[in-house]
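In what follows, a structure is listed as structure tokens, so that the remarks can point back to it.
The values are calculated or read from the model by the stated rules, or taken from the named source; none is laboratory data. Quick caveat: nothing in here was measured; it's all calculated off a predicted structure. Positions of Cβ are backbone-derived with ideal geometry, glycine not excepted, and every protein chain shown enters the neighbour counts. With ligands, DNA and RNA removed, areas are computed over all heavy atoms of the protein, side chains included. Shrake-Rupley method; radii C 1.70, N 1.55, O 1.52, S 1.80 Å.
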Amino acid sequence: MQKFHGLYAAHFSVFDSSGETDEDLINVYVEYLINQGVAGIFVNGSNGEGAILTTAERMTVAEA
């Protein structure tokens, strides 16, 4: 069994002014978390919005 160590952040979904997922800003935020020393990221989880996103939006966020 793998044990987790360090801080794991819940990544929130980022949208542009038209309501579409903003892949560029998602990548900026992920880089920020990495630079802050975060050990891992919970994508589409823990912040609650994952449940209200469409499947396509969840896939876009996860792939970004």
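Just checking, does the range 31-41 include any residue being in a loop (DSSP other than H, G, I, E, B), open to solvent by less than 60 Å² (accessible area, probe 1.4 Å) and touching an Asp or Glu at 6+ places or on another chain (Cβ under 8 Å)? No, that holds for no residue.
Quick check on the range 45-57: of everything there that is open to solvent by 60 Å² or more (accessible area, probe 1.4 Å) and assigned to a loop (DSSP other than H, G, I, E, B), which residue is farthest from His5 (Cα to Cα)?
First pass over the range 45-57, keeping only residues open to solvent by 60 Å² or more (accessible area, probe 1.4 Å): 46-47, 51-52, 54-56.
Filter once more, keeping what is assigned to a loop (DSSP other than H, G, I, E, B): 46-47, 52, 54.
Values: Ser46: 18, Asn47: 21, Ile52: 29, Thr54: 31 Å.
It comes out as Thr54.
Selection of the range 4-21 for residues being among the hydroxyl-bearing types (Ser, Thr, Tyr) and touching a residue at least 12 places away in the same chain (Cβ under 8 Å) yields Tyr8, Ser13, Thr21.
Yes or no, residue by residue, for (1) hydroxyl-bearing (Ser, Thr, Tyr); (2) open to solvent by 100 Å² or more (accessible area, probe 1.4 Å); (3) touching a helix residue (DSSP H, G or I) at 6+ places or on another chain (Cβ under 9 Å); (4) under 11 Å from Ala62 (Cα atoms):
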position	(1), (2), (3), (4)
Met1	no, yes, no, no
Ala9	no, no, yes, no
Ser13	yes, no, yes, yes
Ser17	yes, yes, no, no
Asn27	no, no, no, yes
Val43	no, no, yes, yes
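In the range 11-18, is there at least one residue being outside any helix (DSSP H, G or I), out of contact with any strand residue (DSSP E or B) (no Cβ under 7 Å at 6 or more places or on another chain), acidic (Asp, Glu) and at pLDDT 85 or above? Yes: one or more hits.
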